[in-house]
């Protein structure tokens, strides 16, 4: 498999579209859980993911990456260089926050979706869609790791080459 110095535009767009659709489905899965008629849990979910994925993780992870200032599989290396100086984040903290962020991004709709189905059974199909999308998101993350120059050094990599 090719190791990318810079990822093609179609890969970057595809990754981001997949993530956006995935998290929007998660939003709608939980949307029946309302407080005073407002889907507060869903709104906080999207706001949390936006802040963590666009700013916090870019500062702590991407500023330490080979792809800082370059087009990585998500384009986030280029994004991070627009906001933050190179190596300005805490990489170890970023690794921990990445696990937390992706855990919440995935598990919250899966778990709270069960309660949302009780409130409004019409979200059952969305919950099933979210559940079925989860392995695809993991699979495409793994494919991105296989083609990444950081795969042997990155603690978050899903691929480790044996020596």
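The values are calculated or read from the model by the stated rules, or taken from the named source; none is laboratory data. Because the structure is predicted, anything quoted here is derived from the model rather than measured. Please note: Cβ atoms are built from the backbone with ideal geometry, for glycine as well, and neighbour counts cover all protein chains shown.
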Original post:
Any residue at all in the stretch 146-158 that is at pLDDT 95 or above, buried (at least 18 other Cβ atoms within 10 Å of the Cβ) and either outside any helix (DSSP H, G or I) or within 16 Å of the chain's Cα centre (by Cα) (or both)?
Top reply: no
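Okay, residues lined up against (1) in contact with a helix residue (DSSP H, G or I) (Cβ under 9 Å, 6 or more places away or on another chain); (2) in a helix (DSSP H, G or I); (3) modelled with pLDDT of 95 or more; (4) surrounded by fewer than 18 Cβ atoms within 10 Å (Cβ to Cβ):
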| residue | (1), (2), (3), (4) |
| --- | --- |
| 54 | yes, yes, yes, yes |
| 59 | yes, yes, yes, no |
| 81 | yes, yes, yes, yes |
| 87 | yes, no, yes, yes |
| 123 | yes, yes, yes, no |
Subject >> Close pairs (7 angstrom Cβ cut-off, 6 or more residues apart or separate chains): under 22 Å from residue 50 (Cβ atoms) in the stretch 4-18, in a helix (DSSP H, G or I) and at pLDDT 95 or above anywhere >> reply: 18/137
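Determine, yes or no, whether residue 136 is assigned to a helix (DSSP H, G or I), surrounded by fewer than 14 Cβ atoms within 10 Å (Cβ to Cβ) and in contact with a helix residue (DSSP H, G or I) (Cβ under 9 Å, 6 or more places away or on another chain).
Considered against the rule, which asks whether it is assigned to a helix (DSSP H, G or I), surrounded by fewer than 14 Cβ atoms within 10 Å (Cβ to Cβ) and in contact with a helix residue (DSSP H, G or I) (Cβ under 9 Å, 6 or more places away or on another chain), residue 136 comes out as yes.
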Subject >> Among the residues listed as 108, 97, the single one being at pLDDT 95 or above and over 13 Å from the mean Cα position of the chain (by Cα) >> reply: 108
